[in-house]
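The values are calculated or read from the model by the stated rules, or taken from the named source; none is laboratory data. Every value quoted in this text rests on a predicted model; they were computed, and no experiment measured them. Note: ideal-geometry Cβ built from the backbone for every residue, glycine included; neighbour counts use all protein chains shown.
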Amino acid sequence: MIGNMMFQPLLISSLIEHAATYHADTAIISKNTDGSITHSSWGNIAKNSKRFANVLQSFDFAVSDRVATLAWNNHRHLETWYGISGSGLICHTINPRLFPEQLTYIINDANDKALIFDKTFLNLVLSIKDSLPYIEHFICLDAYDEKIQNAFPEVLFYDELIESQSAHFDWPELDESKASSLCYTSGTTGHPKGVLYSHRSTVLHSYATCLPDSFNFSAKDCILPVVPMFHVNAWGTPYAAAMAGCSMVLPGPMLDGASLVQLIDQYQVTNALGVPTIWQGLLTAARQSGSQLKSLQRNVVGGAACPPSMVQAFKDEFQCETIHAWGMTETSPMGVVNQLKAKHLKLDESAQFELRFAQGRPPFGVNIRISDDEKGRTELARDGQTTGHLQIKGHWIVESYFNQFTNTVTEDGWFDTGDMATIDQDGYMVISDRSKDLIKSGGEWISSVELENIAIAHPEIDMVAVIAATHLKWDERPVLIAKKSASSQVTEDTILAFYTDKIAKWQIPDKVIFVDSIPVGGTGKVLKKDLREIYGSILLAVE
Ligand code: AMP
């Protein structure tokens, strides 16, 4: 017997319809590429997304054709998202920080039919456009600009295109399993791979994001997604914000600490989301400017391990609760979020603080386990001690990559994340490393994340990365690459001494290399592969 309840497909168009109907006047603040600010609202975003859906319809694309975006977090980009996915096309967000050859590969692999780009990427688009045979329309995400038109005669301008269109569009009633958006993984090895999200997975992921023990989004919040819309859909924030009716501040291209402090203070941001390197910059800028970041109640940190000293700094100096979360492109991205349970509130403050260092536990909708190998043959103990290959399954987890017709999951249906982790009996998961970043010293594992967390807590260190360097006797030994804070005279010996009593002696790095800058990739993560190429043999030289 089937239940007697209504069935409505879970569609992205229903998110923007909800926001337009019940939160029409809620503000969407957007910083444009030229630094100016646009004040919009969910009502206006919805109208323009329908105007853009009408534009797309006039292009005569087939259902599920891909439309690519190469843009920062701004209001026009948000409108295109809803217009594309809502009308049954697939929104392919592209990371502009990739190399031109990678961009060309991704756009052609996805068979994108249109390319929408921010003005700032004009030269980039001009440099690759002749290698993009499938693109039928190039759209500059801005008002008409004569200079651009002259440099790029076939380009169309977003503002002009939507101006003449009706704000009426009947969103099609799609099958909820249909693809809605596409995002390629950072691709540290081989070609980048596409992850194709569905309307259903996106809406369910949004529900889970809004839960109080997840990111706790509410209609009282003003959210600042610093994480770019081209990095796993800004962690799903633009969808979840529409579901909860949050106000949003879209920061555009200026993601330095000072610009973010200004946006937070001016627009009374309550919750902001980004990778640790972003928060490091924000902390420094807030201290320098004397801002108390008064409105900021929570900040979500993910994409890389959040050092405990950062959680402490936000709490002690800014009374801001830092929520640590883990996820990946293949997991939409929310996998686990660190929120305490009632029983933990009885613990003293330092014990509670210890618990906050974990990446977190899964919300309803995802399940995690650790296994003895990538294939998931034997599940390992949930004892908080045993380290194994982290595997995950759930409503918003990838089953196979785009254009690849084999499942990427184990025989019993779990996705192997490539991360090594422990899980305790309550499901709190701690990442020890990417499996490829673990350091194997004399057959024993050393976690680079743990060594980085200690070094970054030193007051004169701004940024760190620990890599495995080849060693004649121990196979691999840890080497710390560190960037000192401005005018610091700290020495290698001081930093190595800082490890004493914080970690077993044999785990202390063999060497510290001070550098002026540490390379980060398109999503703000340290490029350990590049560092290994440069410094991976440094211990051989001193043997
Ligand atoms: P991406 O698909 O580019 O978002 O990268 C996903 C990878 O980032 C994960 O597999 C982890 O290795 C890493 N990652 C994400 N969040 C965290 C976190 N909170 N702590 C440690 N590593 C993380």
>> Among the listed residues ARG369, ARG356, ARG361, ARG377, identify the single one that is at pLDDT below 95 and within 16 Å of the ligand (Cβ to nearest atom).
In response: ARG356
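Take the residues of segment 401-423 that are of a type in the set (A, V, I, L, M, F, W, C), assigned to a loop (DSSP other than H, G, I, E, B) and more than 30 Å from HIS344 (Cβ to Cβ): which is nearest to the ligand (Cβ to nearest atom)?
Step one: list which residues in segment 401-423 are of a type in the set (A, V, I, L, M, F, W, C), which gives 402, 405, 409, 414-415, 420-421, 423.
From what is left, the residues that are assigned to a loop (DSSP other than H, G, I, E, B) are 402, 405, 414.
Narrowing the set further to residues that are more than 30 Å from HIS344 (Cβ to Cβ) leaves 402, 405.
Values: PHE402: 14, PHE405: 22 Å.
Out of the qualifying residues, it is PHE402.
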> Do you know which of the residues in segment 473-502 that are closer than 15 Å to SER441 by Cα and part of a loop (DSSP other than H, G, I, E, B) is farthest from the ligand (Cβ to nearest atom)?
Replying inline: LYS473
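Is there a residue being crowded, with 18+ Cβ neighbours inside 10 Å, within 30 Å of THR185 (Cα to Cα) and within 31 Å of the chain's Cα centre (by Cα) anywhere in segment 499-518?
Initial filter on segment 499-518 (crowded, with 18+ Cβ neighbours inside 10 Å): 499, 507-509, 512, 518.
Remaining after also requiring within 30 Å of THR185 (Cα to Cα): 518.
Applying the additional criterion that residues be within 31 Å of the chain's Cα centre (by Cα) yields 518.
Yes: one or more hits.
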> Which numbered condition trips up ALA258, out of (1) of a type outside the set (Asp, Glu); (2) within 16 Å of the ligand (Cβ to nearest atom); (3) surrounded by fewer than 23 Cβ atoms within 10 Å (Cβ to Cβ)?
Replying inline: (2)
>> Restricting to segment 424-442, and then to whatever is over 17 Å from TRP326 (Cα atoms) and surrounded by 16 or more Cβ atoms within 10 Å (Cβ to Cβ), can you tell me which residue is nearest to the ligand (Cβ to nearest atom)?
In response: LEU438
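So, in segment 284-296, of the ones that are of a type in the set (Ser, Thr, Tyr) and at pLDDT 95 or above, which residue ends up farthest from the ligand (Cβ to nearest atom)? Break it down stepwise before answering.
Filtering segment 284-296 for residues of a type in the set (Ser, Thr, Tyr) gives 284, 289, 291, 295.
Subset that is at pLDDT 95 or above: 289, 291, 295.
On the way: SER289: 27, SER291: 26, SER295: 24 Å.
Here the answer is SER289.
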> Looking only at segment 297-335, which residues are part of a loop (DSSP other than H, G, I, E, B) and either within 16 Å of the ligand (Cβ to nearest atom) or under 28 Å from VAL203 (Cβ atoms) (or both)?
Replying inline: GLN297, GLY302, GLY303, ALA304, ALA305, CYS306, PRO307, MET328, SER332, PRO333
> Just one of the numbered conditions (1) surrounded by fewer than 17 Cβ atoms within 10 Å (Cβ to Cβ); (2) part of a loop (DSSP other than H, G, I, E, B) is not true of SER291; which one?
Replying inline: (1)
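Out of curiosity, is SER177 within 16 Å of the ligand (Cβ to nearest atom) and closer than 25 Å to HIS231 by Cα?
Numbers: within 16 Å of the ligand (Cβ to nearest atom): no; closer than 25 Å to HIS231 by Cα: yes.
So SER177 does not fit the description; no.
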> GLY443 passes all but one of (1) of a type outside the set (A, V, I, L, M, F, W, C); (2) farther than 27 Å from ALA504 by Cα; (3) assigned by TED's automatic domain parsing to the domain that holds ILE503; which number fails?
Replying inline: (2)
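Looking only at helices (runs of 4 or more DSSP H) that lie completely in segment 2-92, which have at least 3 residues being surrounded by fewer than 19 Cβ atoms within 10 Å (Cβ to Cβ) and modelled with pLDDT of 95 or more?
12-22, 42-58
In the list ASP462, ASP433, which residue meets the criterion of being among the charged types (D, E, K, R), assigned by TED's automatic domain parsing to the domain that holds LEU531 and assigned to a strand (DSSP E or B)?
Details: ASP433 fails: assigned by TED's automatic domain parsing to the domain that holds LEU531.
After applying the criteria, what remains is ASP462.
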>> So VAL449 ticks every box in (1) in a helix (DSSP H, G or I); (2) exposed (fewer than 15 other Cβ atoms within 10 Å of the Cβ); (3) in contact with a strand residue (DSSP E or B) (Cβ under 8 Å, 6 or more places away or on another chain) but one. Which box is left unticked?
In response: (2)
